[in-house]
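S.K.: Here's a structure for you.
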Amino acid sequence: MALEAGTVGIGYLVMGSLLLFLLAVPLRRAEKPGSRGFALAVLGVALWPIGLGVSYLTSIGGLVVAAWNVRLLASSLIAVGWLLLAVEVTTGRWPPNRKLVPFVAYLGLGQLVTWSNSYHGLVLAPDTAVRRSVIVASYGPVFWAQTGVNYLLVLSGTALLAGEWLRSRGIRRRQAAILTLAVVPPILANLAMHSGLVSSPYDPTPIGLVGSGLFLAHALYRTDFLDVVPVAREVVMGEMEDAVVTIDGQDRVVDYNETAAALFVPEDARVGMDVHDFFETVPPAIDDRISGVRSSDTEVSFRIDGSERHFSVSVSSVQQPGNGTAQVFVLRDITPIKRRERELEDRESELELLRQVLSRVLRHNIRNKLTTIRGNAELLEDDLDESESIERVESILEASEELLGHSENAGEIERIIERRGRTVVYEPLEMVESITADLSRQYPDAEFHVRGGDPASVAGGPGLETALRCLIENAAMHNDADRPRVWATVLEDGGGVTLSVADDGPGIPDHELAVLDTNEETPLSHGSGVGLWLVTWAADSVGAELTFETERGGSIDTDVHDDSRPYPAAAVPRDRQASTVVSLHVPRSGDDPEPRSDT
């Protein structure tokens, strides 16, 4: 038997050494899905005959047992590597480190128990003997437990590969088939040894592992495994941003991807449920439209998590073997496209409204003001009375200045629209103080009061300073009091900053606000100018909420702590009453703002 043991040992060493050459491809293409699991399994496949070969070539008892321990490590490496190979091939991903911890612990604990067997006899029982280089084993409970776990891991990986074989096509189908069949020879050889069907004292498993090596070599060099790695179906379905749902001829859901599950699936969803139950989170009318589509595309809209979402629904038919025709529904989220369409429509609407303002409002005002200029000029020509001449000259100047103001405001509106999309940073209190200081020089008879703290910066589109200047200037300009009073307040709340302007003037005429509500200028309904249009457009550009409160006779309650208001109003002394309060609430928003440049 000594000669026989040595011959078998040499043969096994040669087998193991040749099997090591299979490591070249996975090590060279380590980035390919399956390469790491493949390398780990091949290492175990090679170590098994190498360990047994060494044990058969020595008669030293301790060395024989040590070499047999290497063979036991090889069986665990094969099992773990095979399962990881199958997982990576079918999912396209290497498991995260936290999921690898149990496998590492299993290998480490197994080796710890194996190499300390002389103290407990749980792997090889005490009656195990070494007869002329061959272990006559009496296996302990840990050996059988480890063997059972190894078989479970190998069969689990094989089941994954078999499933991929059944549902794949082309080269991927051939690759999965070869990998599935590769486990058959060593399993048969190992079962023959443990069941007593083989009377030889030598472990025949390495011969089966050589058969596995032939299958693995065929996979590497004939089907380009680890070279051409098709994307797994699960990866495609899982990574798709479109929701995909497959429904059979009886309106039962037979498959769906993760996107569909996140959008529509109730908590108890399962394959085989009715399509209407599947779309439980969708309004019934929309559910009917989705499930009713059979041959053409359609678009649906509904709310998900409080926001409006838009989907394009397309359907295609697929043949199910033995089960007739199924329908594959693909719901593509087109919400960004719809949002862009609305933005373009808003842009067109703004441009059309700008055209109306420039052509109708300015034309109307220019005609009226020019009539005033012409009439006063004619009277001035005929009337040489000095005092009356001065008054008429002042009327000419006032009308001219008003026309100039309309023109400047219209130009500012156009500039705001052109700069839409940019982000500007503002210092609210500093901005208000700068505006009131400038206007105090222009309107020396008016009183300007600034109240509030110094809130943090806010960011938004261009135009906030322009809107605020227009509001404060209008409050002073259109106030018929002997000493106009204007209060500007800067207050910060949890959602942003509120800038309010109040005055004790005559208030904003109803027809001026009505034009803003309809968002249209017509021949029978138009404002006296473009100032309020300027404020409205600027507020929209910044993303601010604009509110008007006006009351003839000055009876607005301006208590900043009034809970009936969504945002604080201007702070007006208790002994004063305001007739108009206009507020701009600027929410906290904007990243990477540009320096303020809308002056």
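The values are calculated or read from the model by the stated rules, or taken from the named source; none is laboratory data. Because the structure is predicted, anything quoted here is derived from the model rather than measured. No Cβ is skipped: glycine too gets one built from the backbone with ideal geometry, and neighbour counts run over all protein chains shown. The protein model used for the area step is the full one, side chains on, heavy atoms only, and it has no ligands, DNA or RNA in it. Shrake-Rupley method; radii C 1.70, N 1.55, O 1.52, S 1.80 Å.
S.K.: Are there any pairs, at least 6 apart or on different chains, whose C-beta atoms fall under 6 Å, with the first in region 92-108 and polar (S, T, N, Q) and the second open to solvent by 80 Å² or more (accessible area, probe 1.4 Å), and if so, which?
M.R.: Filtered contacts from region 92-108: no entries.
S.K.: With the condition being within 24 Å of Ser55 (Cα to Cα), I'd like the helices (runs of 4 or more DSSP H) fully within region 131-201 carrying at least 2 qualifying residues.
M.R.: 141-167, 184-195
S.K.: In region 25-47, which residues are open to solvent by 10 Å² or more (accessible area, probe 1.4 Å) and free of Cβ contacts under 8 Å to residues at least 40 places away in the same chain?
M.R.: Hits for region 25-47 are Leu27, Arg28, Ala30, Glu31, Leu43, Leu47.
S.K.: Turning to a different aspect of this structure: For Pro455, indicate whether it is in a loop (DSSP other than H, G, I, E, B), in contact with an Asp or Glu (Cβ under 6 Å, 6 or more places away or on another chain) and surrounded by 23 or more Cβ atoms within 10 Å (Cβ to Cβ).
M.R.: So Pro455 does not fit the description; no.
S.K.: What's the total number of residues in region 221-257 that are within 21 Å of Trp94 (Cβ to Cβ), open to solvent by less than 10 Å² (accessible area, probe 1.4 Å) and either at pLDDT below 65 or not in a loop (DSSP other than H, G, I, E, B) (or both)?
M.R.: Going through region 221-257 one residue at a time, the tally reaches 1.
S.K.: Right, here's the next one. Pairs under 6 Å by beta carbon, first residue under 10 Å from Leu122 (Cβ atoms) in region 142-156, partner open to solvent by less than 60 Å² (accessible area, probe 1.4 Å) and outside any helix (DSSP H, G or I), six or more apart or different chains?
M.R.: Val142/Val123; Phe143/Val123
S.K.: Just for strands (runs of 3 or more DSSP E) wholly inside region 475-567: which have at least 2 residues that are touching a Pro at 6+ places or on another chain (Cβ under 8 Å) and either hydroxyl-bearing (Ser, Thr, Tyr) or modelled with pLDDT under 60 (or both)?
M.R.: By residue number, 496-503.
S.K.: Also, quick follow-up: If Ala86 meets every condition in (1) among the aliphatic types (A, V, I, L, M); (2) touching a Phe, Trp or Tyr at 6+ places or on another chain (Cβ under 9 Å); (3) under 30 Å from Met240 (Cβ atoms) apart from one, which number is that one?
M.R.: (2)
S.K.: Another question, then. Taking Ile50 as the residue in question, decide whether it is open to solvent by 30 Å² or more (accessible area, probe 1.4 Å), free of Cβ contacts under 8 Å to residues at least 60 places away in the same chain, under 15 Å from Val136 (Cα atoms) and of a type in the set (A, V, I, L, M, F, W, C).
M.R.: no
S.K.: Just to be sure I understand, how many residues within region 53-66 are among the small types (Gly, Ala, Ser) and either surrounded by fewer than 23 Cβ atoms within 10 Å (Cβ to Cβ) or more than 30 Å from Arg131 (Cα to Cα) (or both)?
M.R.: 4
S.K.: Any idea how many residues of region 444-474 are in contact with a Lys or Arg (Cβ under 9 Å, 6 or more places away or on another chain), closer than 22 Å to Leu546 by Cβ and not β-branched (Val, Ile, Thr)?
M.R.: Residues meeting the conditions: 9.
S.K.: Sticking with this one: Taking only region 111-142 into account, find how many residues are modelled with pLDDT under 80 and open to solvent by 90 Å² or more (accessible area, probe 1.4 Å).
M.R.: Total satisfying the criteria: 2.
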